[in-house]
Structure formats: C-alpha cells, structure tokens
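J.: Structure provided below as structure tokens; questions to follow.
The values are calculated or read from the model by the stated rules, or taken from the named source; none is laboratory data. Note that the coordinates shown come from a computational prediction; the quantities given were computed from them, not determined experimentally. All Cβ positions, even for glycine, are placed from backbone atoms using ideal geometry, and neighbour counts span all protein chains on display.
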Amino acid sequence: MTAPRTILHADMDAFYAAIEQRDHPQWRGKPVIVGGSGPRQVVSTCSYEARRFGVHSAMPGVRAKQLCPHGIFVAPRMDVYAAVSAQVREVFDRFTDAVEPLSLDEAFLDVTGSRALFGDGPAIGARIKAEVKAATQLTVSVGVATSKYVAKVASDLRKPDGLVVVPPGTERMFLAPLSVAKLWGVGPVTQQQLERAGLRTIADVQEHSEAQLHAAFGRNLGAHLFVLANGLDPREVESERAAKSIGHEMTFVDDLHDADAVRSILLQLAEMVGRRLRQAAQRSTVVRLKLRYGDFTTLVRQQKVAPTADDLEIYRTAGGLLDAAWERARGVRLLGVTAAQLVGTAAPAQASLFGPSPQKRDRLLKAMDAIRDRHGEDSVRHGGERRKTTPFGPDVE
C-alpha cells in the first residue's frame, strides 16, 4: 500500500506589511496598510494591527481609511518584496525540489521524498519556519497534510506563526467544524446560498451525497463542494522545473462585469505568464483561457499558436478566446491564462506580417525583464496597460 503523501502549504504572515515593519522599526505594533488611500486605489495587504479595524486585502483604499484613519499607508516596494521572496524560496529548495509557488508569499511543497533525510512533515515544517525566520526575520505559517487543499486550510488556522498538522486519515474530522467559507471558491454570495439551504459548516456538507449536492446546487458547484468537503484533492504539487504548462489565475471577491476591467486583468495575467516563460527559457505552442462564472460554471478554451513567450501574443490569443466564450450578462468569478505544450527557445518563432520581427520582440522583452529585475515589477509596462502588474495581480491606481 502506498504511503500517504506529505504536502506542506507555507504562507508568509502579512508579507508586504511585515517587511515594511521589519524595515521601519517605528511602525512595529502599528496598523500598516500597503496600498493607497485614494478613491481608485486598493489595499494589497495590511498588518494584523490594521486587520483588527476590519481592513483586508482588495478593499478600496478609501474604505480602509474610514475604518482605520490612523493607519500608515505605504506604497508597495515590489523589488524589495521579490528579493525577500527569493530568500524564502531558497529555504524551501533546501528541503525539496517539488515546490509550487502560488505568489511571492506562499507555496506548496511536496516533502514525501524528503522524510528519510529531514524527518516527518511536522519536523520539516518546524525547520522551515526556523530557517525562514533566521534568513528574513519574518514568520511563516505552515500547514501539513496529505493534500494541497487541506494543507492550505491548515496553514490559515493559527496565523501568524502557526504550524498546524492534519494526520493522515483525519481530514474529514479536521474539516468538519469549519465554516463553509473555508471551502475554496465559496465567497459571500455562495456562502449565503449554502446557509439558506441549512449548510453552515463543512460537516453539514459532508452529510450529503454527491448526487444530493448535484441536485441542490447544480453539477459544477455540487461536485466542487463534495470533493473539497471530504478532503479529496489528488492534485500533484507542480514544480516549475517539471511543469508542462505555466499559468496564472485570479479569483475575484466580487464578480466582474466590466469588460475593460476584465481585459485589463487578462493583460496582467498574460504578462505574468510571458515573464515566467522567458525565465524558464520556454515557449508556448498552446494558449489556454479559463473562465468561471459566479455559479461555478467553468469554461476552458484553447488555441494553438506558433511558439511564443511574447506577452502581447499571449494576450491577443487569450483575448480572442475570451470574446468568443464570455456571456457578457454573466459576471466573471475567476479568470486564468495558461501557456501549454511548452518547447525550448530553440523552436522557431513565427514572424508577424505587419509587426516587428521575433528577434526584435525578443530583445524588447528581454530589456523590459531586465528593467523589472532591477527596478521592480511596475517599473515598465506595455502601452495598453491601465494597471500596475504585481505577482498578486492588478493594483488599481
């Protein structure tokens, strides 16, 4: 019988704000809010002191100012955050090469093959916490479980500086008392829908069969609820080194209806994918769009392309797929862009009839990457871009 996997989810605590408090000792113990307080600005993250006032990420800056008038508002320093993230990643790589970064501040680690060398999951989690603290003076919360979903839920339960272990075979028991809001993708609207049906805890969901959940909430949402509530998450940790595809997706607190906003975020995603392709010395021969509506209906569309790592080519292809798939009357819950069927950079790129040659585009993109490496992610942007790009997504100006 195959031994259970050991999956860790490591999540830095209030990452941006914690770095600002580390670098500015006078701000320690005070409500620090990374982001602007203007009418079109949003909160990227905030310290735990600010969260006590009800401030949270993605909140409009004006609202954050109302809730926390004495908060210290700080402009993001993406170059600094990226440098610290690299230090954290170096710690992860000491324990396993199966690391799947989700953003600058969190990652999944499969340490199943590392147990003989470093000890069991809790021991590895404790060592990672200690070594991250030594390298960065920052804390990280770690969840240890047999699946990605359960590990992620665990890492969030005792923040900051938590270590929560879910032993094999206890996943359903661990999840049972938690609110249905802990189920991935269940936002305020879906939570209200579930509570109206009498489902307030994950245990309430566990009491229903998959067929009953399908009948009550539709096949898409019903299947999603059944799998997660029962801790059934077979997905592998996909390291970038072994990745057959490179993608980014964003789930929105409120469904998006504005076409300009959706297009703007699509460009952010394409830019993030293109940058990672170039860092990995890969080109994509398939561009894939993922679109999810508020009722969890999910559409995936893809198109073959000439080998490319060009942000704008990925964006144009994904945009065409979006135009064909999106029913404008329905709000967008999730948007994703993936580059698939990757080939090396030796594969020839097809020239555009009217655009610049592939060689010129490659030189331009290389120059843009070099500027971002030195001055931060928002130091240079494509001309049509209306919002700053960060590894967490669009930052409204």
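J.: Just to verify a result, which residue in the stretch 77-120, among those that are part of a helix (DSSP H, G or I) and acidic (Asp, Glu), is modelled with the lowest pLDDT?
T.: ASP79
J.: Go through (1) modelled with pLDDT of 90 or more; (2) assigned to a loop (DSSP other than H, G, I, E, B); (3) at negative phi; (4) within 22 Å of the chain's Cα centre (by Cα) one by one and return the number of the condition GLY231 breaks.
T.: Just one mismatch for GLY231, condition (3).
J.: For the stretch 250-264, enumerate the residues that are at pLDDT below 85 and surrounded by fewer than 17 Cβ atoms within 10 Å (Cβ to Cβ).
T.: Filtering the stretch 250-264 for residues at pLDDT below 85 gives 250-255.
Selection gives THR251, VAL253, ASP254, ASP255.
J.: Continuing with the same structure: Where in the stretch 15-71 are the helices (runs of 4 or more DSSP H), entirely inside, with at least 2 residues that are crowded, with 17+ Cβ neighbours inside 10 Å and modelled with pLDDT of 95 or more?
T.: In the stretch 15-71, the matching helices (runs of 4 or more DSSP H) lie at 15-23, 48-51.
J.: Out of curiosity, is GLN212 closer than 18 Å to TYR149 by Cβ, of a type outside the set (A, V, I, L, M, F, W, C) and outside any loop (DSSP other than H, G, I, E, B)?
T.: Here the answer is no, as GLN212 does not meet what is asked.
J.: Show me the strands (runs of 3 or more DSSP E) entirely contained within the stretch 255-352 in which 1 or more residues are free of Cβ contacts under 8 Å to residues at least 60 places away in the same chain and either farther than 30 Å from ALA86 by Cα or among the hydrophobic types (A, V, I, L, M, F, W, C) (or both).
T.: Per the criteria, 282-293, 298-308.
J.: Of the residues that sit in the stretch 265-293 and are surrounded by fewer than 17 Cβ atoms within 10 Å (Cβ to Cβ) and not aliphatic (A, V, I, L, M), which one is modelled with the highest pLDDT?
T.: Among those residues, the one meeting the criterion is THR285.
J.: Separate question: State which residue is farthest from GLN193 (Cα to Cα) when the search covers only the stretch 295-330 and only residues that are within 20 Å of the chain's Cα centre (by Cα) and crowded, with 17+ Cβ neighbours inside 10 Å.
T.: ASP311
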